[in-house]
Amino acid sequence: MYKKKITILFLLVCMFTQAYSQKYTLSGYIKEAKSQELLLGTTVYIAELKTGTSANAYGFYSITIPEGEYTVEYSFVGYKTETKKIVLDKNISLDVSLSIGQELEEVVVTADKINKQSEDVRSSVISLPVQQIKEIPSFLGEKDVLKVIQLMPGVQKGTEGQSGIYVRGGGPDQNLLILDDAPVYNAQHLFGFFSVFNGDALRSVELIKGGFPAKYGGRLSSVIDMNMKDGNKEHYTGELGIGLISSRAVLEGPIIKDKSSFLISGRRTYIDLLLMPIIKSQTDGVKTGYYFYDLNAKVNYDINKKNKLFLSGYFGRDIFYSKDEEFNYRLGWGNQTGTLRWNHQFNNKLFVNTSIIYSKYNFSIDLEEKYDDKKFLLKYSSGIEDIGAKIDFNYYPTPKHTIHFGLASTYHEFIPRALVIKDDDMPDDIGSKKIIGTVESGAYIEDLYKPFNRMQILGGLRYSHYTHNGTKYDMFEPRISASYKLFDDLAVKASYAKMQQYIHLLSNTGIGLPTDLWVPSTNEVKPQEAWQVACGVAKDFPNRNLSLTVEGYYKEMDNIIGYKEGANFLALDESSSFDEINWQKMVTTGRSWSYGTEILLQRKVGKLSGWLGYTLSWTKKKFPELNFGEEYWAKYDRRHDFSAVLIYSFNKKIKMGATWVYATGNAMSMPLSEYSGEIHNPTPYDNYYTQSVILNEYPGRNQFRMNPYHRLDLNIQFNKKKKRGTRTWEISIYNVYNRKNPFFYYVNTSETETKVKQVSLFSILPSFSYSFKFN
Amino acid sequence: MKKQIVHILVIIMILFLSCEKDANIKLPEEDPKLSVYGFLSPEDTITSVIVKNTHPFYGKKSNNKIAYITNARVKITNNNNDYILPFSTQTNSYYLDSNNIKIIPGEEYFIEISAPDFPVVTSSTIIPESINKTLEHIDVRYLHSSDLNTPDITYSSRIFFNVKWTDNSIEKNYYRLTGHVDYTAPQQGEKGELDNNNIFLYDDDDWNGQTKTSDVLHYDYYSGGGITIPVHLMLLNIDYHYYQYHKTVRDFDIHSENPFSEPVIVYSNIQNGAGVFASYRKHEIIKNVELIN
């Protein structure tokens, strides 16, 4: 009895001590030592308590723990771990700088607690090391973020050379691509052969395939969150690159040392300039050409320790032109984004970011023609323009809870058609513009809860709301991710997410034409919905810097749009036809579901780095109005998809990269037989049968497969330290063993025979580039 | 615009095209089957079925690859009554007149066709019970060819027939609008049909129980000279098979050459074969219209 009372008393004392022992907060920013760039996602680990936190997207961290003396480890992959001894007897603000680890000294960058997959509560998330993007072999030497994402498990590319992304059975329109909080609506240059993200200006790239955090909304299948570099706050630095088809330049540096910096990065292709003499001689003096360019710029200003401002923007455009003395034709399309962000630290536990966001995608035609001393002018454009604002709070009350909450609202202006025609022969100008305005809003709250050391739960709820011309839709979107550590480096994870998408992309070409048109949900065409569950295991091998994730998923999408058989959206861009063609009548809605397993073995640092990724998946669709209501394989259903990406550093001067990909062929529809279809004539003419039409008999939609796709790319980089910087020569070979991968098939009918022909795009393609990085 | 896009694609193809070769893929192998066309109606004086063969899509071509099958056994069954339809070389179809086969509204008719060297095909259709008799002629509109911006005109005047009808809200309905003129044209090219090689089909999805007006039916002629002719305007209550088959045939015909449109899969309700076995009801009104120049 006595013993029992003592035990109860002891427990009460413990609880009392726990509840009322004094707690203090350790907070601050984590930066890169050399450039003073903020490092996001850095792990902060309190060794004595075996607990920790990580820096948010702006490099801010905060942890509230009992009074005491602690060893705090700050670690980030590729950087030397910084260890600080602190005496926590009051709130402490501590900014920490991490310096880059020597790549070849593997031990330096091997820290026990850095960015382990088994430590992360989230599943279905892949962080792309930006440095690796530059080291992977690329098409014509153009480093492309989206093409690297295509090499990840769970992500499929469309066709040869395209940068379209298909995540877990979803379409390219279901990916939320955000650059510094601004959505990018058409991420493709040159009909998808290159993407608009060249990697020079990027600090981080994260791909989220499932278990979406509650702050993201508006797309069903993935989030690709990209952050631009802030710019070096310490000194001026830059990089120049010359490639086979484009040149690029980056410049960054301080505006006011340690307080403000800038970054500007640009790229332009010059195929048109190189080919101009040939084209001119072939076209009787008509100047015809094509080029694209990108411009990224960012400035930031530290108002004081608690307030920071960031202004960033992207501007890119593709231009096709053709002109002579009497005729000037210009076709252009591109994105513009702008983000103004204000970071404010209310106190050492509450951080807030407010963003004002602008994004525009626009496609335009300008035609000017002279005839008989008169002039004809036509201007046509279509696109989408967004103005939005969002506010995100990060609250760190205890090490067990990290709470995120916020609001976002965006005004979308859809411009399916704007037309002006001026003709000296016409008494009046013709002009018309169709604008559709919609408002999409969201509110969310989310808690990262760590009930005990081995368990983490990220639970959240998002409420989304949409209005368009009196039509309203709303939805509660619950999200939850959980992880449980079975052993030190092995965790099991599971997630559930519900998503809603209020805008749709009209495009049935599948090859990223600039005429693809975003349209809003309406009374007839409802928002798309999806839910997804995923579960798997994550295992780290810290001594080898390896991480392995194995994950299964099931995703169901409803109200997704499909194109009615025979529907043709190219007609939509014909200047007068949008009002006549009701796009809502040309689309039909249905259901799609996808399931599969993904395996990723990744090594982010070391002499040999890279990853092996494998996806086994199934994706089916069922639309009441397509394939006569029968289910069918999605065009990009891939049974097997394998990628091997290896980068090997022989020494500081020479690096070699290799990529091998294998993918099951796309599903396609092929006719079985042909026959004569009779059209009934209920009038007495021609014996009640007026005409016959030769028809093709299909066994159903997408019943056949293209040949499998596989390809090997290699590159080698020669780096040399010079007085003012480092120069790099790179030689790449695309499609080393000259595999004739199918781009498309077509039926060739001669007088004697009908055959199927395969068209392939790229044979073996060597390229080289030169770059110089200034110190 | 479409032209410019295609030009750009051609430039890209030239820049990047590596090669074209015979595809080394497993192609479907298909034996010839029967394709069958039968449209039953209580309002028709004959019941007629056309039978042809299908032809493998790939490989060597043969002459007369698609032909009428004249030695088939065509059997239509309804309520334990079997009707064998004999082949007529005049019409290249198997048919019986209404004295020898009764087509009864609301009843289901089965068809079974067998022919040497072909698998047996079967199908069925339920004759629509209701017939829509609300078709009304509203007015006509004349258009002279000089008012049309069509350089390839072959007629001097066009007359449009504006009609309306009201949907029966109780059931799902499919319609076809058609017609003809009962007139022997003095000039070549003046055909009698009013749908001019189009197929005007409607479902009542967006206007269930409401009235529809349409002036799609028209007639082209060279010279009228004040002649008054009888015009037959027809509204067909068609079944789902009739509607789907003709809709998909129409879409196939329009879009089969377009590389940017999804392939159209033509509807068929024939088991082991192709084609359609469908039914309809027909309501006809006759209107005397003056052809003016």
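Any read-out appearing in this document is the output of simple, stated calculations on the displayed coordinates, not a laboratory observation. Owing to the predicted nature of the structure, the values given are computational and were not obtained by experimental measurement. Cβ: placed from backbone, ideal geometry, glycine included. Neighbour counts: every protein chain shown.
With r defined as the distance between the Cβ atoms of B:Asp206 and A:Ser247 and R0 fixed at 56 Å, what FRET efficiency is calculated, to the nearest 0.05?
Computed FRET efficiency for B:Asp206 and A:Ser247 comes out at 0.50.
Could you tell me the calculated FRET efficiency between B:Asp82 and A:Gln584, based on Cβ-Cβ distance and R0 = 60 angstrom, to the nearest 0.05?
Between B:Asp82 and A:Gln584 the formula returns 0.80.
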Excluding same-chain residues fewer than 8 positions from A:Lys472, which lysines have a Cα within less than 18 Å of its Cα?
A:Lys526
How large is ³J(HN,Hα), in whole Hz, for each residue of region A:319-330 in order, when computed from phi with the Karplus curve 6.51 cos²θ - 1.76 cosθ + 1.60 and θ = phi - 60°, using x for Gly and Pro?
10, 10, 9, 8, 8, 9, 5, 10, 9, 9, 10, 9
Give me the net charge of A:Thr25's neighbourhood, meaning all other residues with Cβ under 10 Å from the Cβ of A:Thr25; Lys, Arg count +1, Asp, Glu -1.
+3
What residue among A:Tyr185, A:Ser643, A:Thr43 has its Cα farthest toward the positive end of the dipole of chain A, where the charges are +1 on Lys, Arg and -1 on Asp, Glu, each on the Cβ?
A:Thr43
Under 23 Å between alpha carbons, and skipping anything fewer than 8 positions from B:Lys60 in its own chain: which lysines qualify?
A:Lys755, A:Lys757, B:Lys21, B:Lys26, B:Lys33, B:Lys52
May I ask you to evaluate 6.51 cos²θ - 1.76 cosθ + 1.60, the Karplus curve with θ = phi - 60°, for each residue of region B:80-93 and list the ³J(HN,Hα) values in order in whole Hz, giving x for glycine and proline?
6, 9, 9, 10, 9, 9, x, 7, 10, 6, 5, 9, 6, 9
3J(HN,Hα) from dihedral phi, region A:650-661, Karplus parametrisation 6.51/-1.76/1.60, rounded to Hz, x for glycine, proline
5, 7, 5, 9, 10, 10, 10, x, 9, 10, 10, 10
Tell me, in nm to one decimal, what length is gained between A:Leu273 and A:Lys370 on full extension, where the rule is 0.36 nm per residue of separation less the Cα-Cα distance?
32.4 nm
Mind giving me the FRET efficiency for A:Val286 and A:Phe628? R0 is 56 Å, r the Cβ-Cβ distance, nearest 0.05 is fine.
0.70
Under 15 Å from the Cβ of A:Asn627, count the other residues' Cβ atoms, weight Lys and Arg +1, Asp and Glu -1, and hand me the total.
0
Extension gain (nm, one decimal) between A:Ile303 and A:Lys526, 0.36 nm per residue minus Cα-Cα:
75.8 nm
Sort A:Cys535, B:Cys19 by Cβ crowding within 10 Å, fewest neighbours at the top.
B:Cys19, A:Cys535
Considering only the other residues whose Cβ falls under 15 Å of the Cβ of A:Pro397, what net charge follows from Lys and Arg at +1 and Asp and Glu at -1?
+2
Between the helical axis of A:271-282 and the dominant principal axis of chain A, each derived from Cα atoms, what acute angle in degrees is found, rounded to the nearest 10?
10 degrees
List the equivalent ellipsoid semi-axes of the protein assembly as shown in whole Å, largest first, each obtained as the square root of 5λ for an eigenvalue λ of the Cα gyration tensor.
63, 34, 29
Sorting B:Arg176, A:Arg544, A:Arg462 on the 10 Å Cβ count, fewest up front, what's the list?
A:Arg544, B:Arg176, A:Arg462
Above-threshold pairs, the threshold being 31 Å between Cα atoms, out of A:Lys360/A:Lys564; A:Lys287/A:Lys635; A:Lys23/A:Lys305:
A:Lys287/A:Lys635
Which aspartates and glutamates does A:Lys720 reach when only Cα atoms under 17 Å apart count, and residues fewer than 8 places away in its own chain are ignored?
A:Glu103, A:Glu135, A:Glu239, A:Glu730
Whole-number percent relative contact order across chain A, with pairs defined as alpha carbons under 8 Å at least 6 apart
10 percent
